[in-house]
Every structure is written in C-alpha cells, then in structure tokens.
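Below: one structure, written as structure tokens.
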Amino acid sequence: MKSILDFQKKKLIKEKISMITCYDYSFARIIAETKIDCILVGDSSAQVMHGHNTTLNSSTAVIALHTAAVAKGSPNKFLIADMPFLSTRKGLKNSMDQVEKLMKAGAQAVKIEGAEGHLELIKHIVESGVPVMGHLGLTPQSIHQIGGPKVQGKAQEAADKILADSVALEKAGCFSLVLECVPNDLAKKITAALKIPTIGIGAGSSTDGQVLVLQDMLGMNKDFKPKFLKKYLNGFDLISEALNSYVTEVKNAEFPSKEQSYE
Ligand code: KIV
C-alpha cells in the first residue's frame, strides 16, 4: 500500500488490511519483501524494545529514531508513526511540532489514541496535509485511568461511547481506525457504521484489517500470552537454540571452521 487511498480502496473491495509494528532496520528489510500492507512504528516500542512496563515512557524523539530506521528498510510500505503519551495534550503548537518530527523522520501518517479532546487537533493535522489514524477501545496511554489492560466496551453505555467516538473520529478526518480489545460484536457494528477501514487487535475478525506487534506474533516473549495473540513462530526457542548452538561450537572449537576462516 502506497497511500491512504489504498486503505479506502481495500475497504470498498472488502480486501483485508494487514498491519504490523516494526521498530528497526533489519526487520523492516524483511517486511519490505513480504505481502504486509503497512507498518506501524508504535509506542509499544517502549515495552518491546526498551523494556518498560507501559507505553508511557515513549517519546517523539525515540519514535522518530525508530521511524527513520524503518523508513530506510521498508521504503515501499505505508508507514504510520504513533504520537506518544501526552504529545497531543500540550497545546496545538507543541502537537504540530511532534507531528512534524515524525513526518520528517519518514512517516506518511500519525496515529493518535482517543477521541475526547482530540477532534479539533485531528482536524487541524488533517487540514495541514497529514493523514491521521485513530485508535479507540483499549488505549494503552490511558492505562492508569482505565485500570489495566482490560477489554473495553463490554457494557452497553461504554459500547455506545466507543461507537460515537468512532463516528466523531471519521468526521474529524481520520483515514482509518485501530480498535484494540473490544468485543467482536462492537467491532463489527463500528466497521459497518464507518466508511473508513477499521484495523483490529483483540477485536475479532469483522474489522477491515488486523494489526499485531511483530515481536509478539514471532513469539519472542514467552511470557506474553494475551487471548487475542496468535504466535506464528516460536521465536524465543528458535533464537535460544541458535545462540546455544553457537556457544557449543565456540567451546568445541568447531566455529569458525575452515569455511569461515581466511587462508
Ligand atoms: O503501539 C502499538 O503497537 C499499537 C498497536 C497495538 C495498535 O498501538
């Protein structure tokens, strides 16, 4: 996918969108040669790449650094960068400065969590020529307000609010919407109500697309097992085995062999 027009097109022709997170050049080079549609440089990098417990420790500077590396490795993929914790809450000029840094780092769009207090800002960003992806349901930047990583929109009132926020985000100009950890039925209702595509994570199969955190779907963290996650590789064991084989060969003086040595 090269532009936001492709997102719209995929929704119209009912072709599912595949999005994956990426934070570094090496993985970006692999993704560049796959059929993945688009890449999110998410603030989950705070946890996955930097070992923090939440996304709160992310910053625009760090996301911009990851964005620049991913843009170099995957120049053929549409790239969305996350606006990190509080980067949208310190006034218009400050927010636009953060947008500018992410776009100049190589993003083609930014993602903003939550609707309340963001609608005017989103309109302004879109009117400034920058596409915005929305993000509703479980919004990890509000984890302490929410009370933990819980499914959102289970009660009718909460579901109605997420639906109303989705419509408001579309109206404000978002080109697509991430729905995180909401019941299948709610995601289905929102997807049917919107013209823009929905991209789900823990939102069932009715959304217009799916997103997963790359390292999670590759099984790099053996302790992370939320219900919504499918591990497509046992990365933890495979990489551990490779490292241990290296250690054994070094200890036995089997590596380097003649093949890896200069005459
Ligand atoms: O930062 C991230 O990885 C995300 C996805 C979970 C959508 O926002």
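The values are calculated or read from the model by the stated rules, or taken from the named source; none is laboratory data. Quick caveat: nothing in here was measured; it's all calculated off a predicted structure. As a convention, Cβ positions derive from the backbone with ideal geometry for all residues, glycine included, and neighbour counts pool all protein chains shown. To get the accessible areas, we keep the full protein, side chains included, count just its heavy atoms, and leave off ligands, DNA and RNA. Shrake-Rupley method; radii C 1.70, N 1.55, O 1.52, S 1.80 Å.
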Quiz item: Out of residues 5 or more away from SER176 or on other chains, whose amide H comes under 5 Å of its own, with H placed 1.01 Å from N in the peptide plane?
Solution: GLY134
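Below 8 Å, C-alpha to C-alpha, sequence gap of six or more: please give me the relative contact order for segment 138-263 in percent. Mind showing how you got there, number by number?
Details: 146 pairs, mean separation 18.2, N = 126.
Over segment 138-263, the number comes to 14 percent.
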Self-check item: Calculated [θ] (222 nm, deg cm²/dmol) that DSSP helices of n ≥ 4 give over the chain, each run adding -39,500 (n - 2.57)
Solution: -12500 deg cm²/dmol
Exercise. Would you work out what percent of the accessible area of the chain, with all protein chains in place, is carbon or sulfur (probe 1.4 Å)?
Key: 57
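Listed here are the pairs LYS150/LYS230; LYS35/LYS111; LYS16/LYS171; LYS9/LYS104; which of them are more than 24 Å apart at the Cα?
On the way: LYS150/LYS230 18 Å; LYS35/LYS111 22 Å; LYS16/LYS171 22 Å; LYS9/LYS104 26 Å.
Cα-Cα > 24 Å for LYS9/LYS104; rest within.
What ranking do 56-62, 234-240 get when scored by the average of other Cβ atoms within 10 Å per residue, highest first?
Values: 56-62: 18.0, 234-240: 14.1.
Going from most to least packed, we get 56-62, 234-240.
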Practice problem: Normalising by the residue count of segment 3-52, find the relative contact order in percent from Cα pairs under 8 Å and 6+ residues apart. | Solution: 34
Quiz prompt | Surface accessible to a 1.4 Å probe, per residue, for the residues of the chain, Å² | solution = 53
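Which whole-number percent gives the relative contact order of the chain, counting Cα pairs below 8 Å spaced six or more residues apart? Write down the numbers at each step before the final one.
Details: 481 pairs, mean separation 42.0, N = 263.
Worked out over the chain, it gives 16 percent.
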Quiz item: For the residue pair ILE13 and THR248, what label-to-label distance in nm results when each label sits 7 Å from Cα along the Cα-to-beta-carbon direction?
Solution: 4.9
Quiz item: Taking H as built 1.01 Å from N, whose amide H comes closer than 5 Å to the amide H of GLY219, not counting residues under 5 places away?
Solution: TYR232, LEU233, GLY235
Exercise. Scale the Cα Rg of the chain by the rule-of-thumb value 2.2 N^0.38 Å and send over the ratio, two decimals.
Key: 1.08
Quiz item: In terms of modelled amide H atoms, which long-range or inter-chain residues lie less than 5 Å from the amide H of ALA203?
Solution: CYS181, VAL182
Self-check item: Sparsely packed trypsin sites (Lys or Arg not before Pro) within segment 228-260, loop by DSSP, other Cβ within 10 Å at most 10
Solution: LYS230
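Highest mean first, what order results for 34-44, 85-95, 115-125 on Cβ atoms within 10 Å?
Result, highest mean first: 34-44, 115-125, 85-95.
Please get the size of the charge dipole for the chain, origin at its Cα centre, with Cβ charges of +1 on Lys and Arg and -1 on Asp and Glu, quoted in debye to the nearest 20.
Details: 31 positive and 28 negative charges, 128 e Å.
Using Cβ point charges on Lys, Arg, Asp and Glu, the chain gives about 620 debye.
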Exercise. Starting from segment 1-32, pick out the trypsin sites (Lys or Arg not before Pro) whose DSSP state is loop and whose Cβ has at most 12 other Cβ atoms within 10 Å.
Key: LYS2, LYS14
